[in-house]
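The numbers here are math on the coordinates, done by the rules we state, and not lab data. As the structure is a prediction and not an experimental result, all values here were calculated from the model. Here the Cβ positions follow ideal geometry from the backbone for every residue, glycine too, while neighbour counts run over all protein chains shown.
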């Protein structure tokens, strides 16, 4: 099929504006708690019930915001992006397994860059605000920004939905099987008690009709009482069945691989920053500069990923990224075990150790975001035609949250600053396991792990609309064009 004209730039701008509102709103909500309770500004040493009520309110609000943000991310950044990129009217390069889709790559990398830019600007703006207008005023500004971005996000979601007609068409197509199933069930359903009673004119007695109505009423009451319980059981069984189906897919291994990367303390988050301040005694300015450098290398990773995809193929680019990240983190962990470790000391060994630690840690962020984009795009392509692709995408997010929670359990076990090196070692092991898992996925879809010679197109195992798995390779790829 000959692809249609390229997608409207105005429509793409609306999609990017929607994600900008979502990303900035998430940063605003996430930083309100930190601003309010930094340096015990709100909760004094002898706190009353009012501040703790505020803590609970903020925690509940942050949890609700996280759930909403996750839902928006699944709907827009995964499902909508795939629908737009696979529409022949939206792109000049149809979505074909094993071949780069320029629009899909552009959308995934652009959305990731917006998220990283918000992460880069947010700490800088917050530090500027707390310095000149105070903590509580900054918290109020962040709360107002969260409200503004919420309204803006709702507005842009409607605009994007109207701009891309394929989204509505895809939703109608997705609901058709459900409607057919409902109509079929209605046709095959047994006759209602009222219909049976109406047949008394053809030989049923009034007594028999009354007895039938009593029995039907009793059965209906019992069904209503057991309906909530049976509904929960049915939902649990359906979820378990979906998990089992996702587990049997080859792309599930790549989901395990990306989830393992969430079990890490080697990222510029609260755990690492606490260690650098309490044990390494590094200044806030130095940590902020290194954090900004880390985000910049992440942005560089979003620019390198399309180049790797074109030169190596999507699946091979993931293998190179994950193993380069493993190699980058190895010196980071060695710096914690060999030598004085990162510190503010002015001795030459300390300076060298600190430079190696932060340089290789920042380099690992480049390969991390390369692998993140590769895995996301591989998942979208593999599940493109599957009717429950959104459920599988949500399951991957669940796996990522499970490993993220495991990270905090590890920190609870090694909770002293001088024990941070053990959490770093566990993080390195988790990245190594991610590399092994992804290499297994690579072997399943390509038949080999190491490839010498010129690049050839990747093989893909994709799911069709009948939920059957099919290996797509070489000459068959043209048949998969939309």
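Once the Cα-Cα distance is subtracted from the 0.36 nm per residue extended length, the residue 240 to residue 10 segment shows a gain of 78.6 nm. In this structure, residue 444 and residue 419 have a Cβ-Cβ separation that, at R0 = 41 Å, corresponds to a calculated FRET efficiency of about 0.60. In this simple spin-label model, placing a label point 7 Å from the Cα along the Cα-to-Cβ direction at both residue 289 and residue 277 gives a separation of 1.9 nm. Model label points for residue 247 and residue 57, set 7 angstrom from Cα along the Cα-to-Cβ axis, are 4.4 nm apart. Ordered by the number of other Cβ atoms lying within 10 Å of each residue's own Cβ, fewest first, 370, 77 fall into the sequence 77, 370. Quick one: check the C-alpha center-to-center distance for the stretch 129-172 versus the stretch 360-392, whole angstrom. Cα centroid to Cα centroid, the span is 25 Å.
Calculated FRET efficiency, residue 310 to residue 433, Cβ-Cβ distance, R0 = 22 Å: about 0.15 to the nearest 0.05.
Each residue, residue 390 and residue 303, gets one label point 7 Å from its Cα in the Cβ direction; the gap between the two is 3.6 nm.
One chain, two ends: residue 338 and residue 409. Fully extended at 0.36 nm per residue, the span grows by 23.0 nm beyond their Cα-Cα distance.
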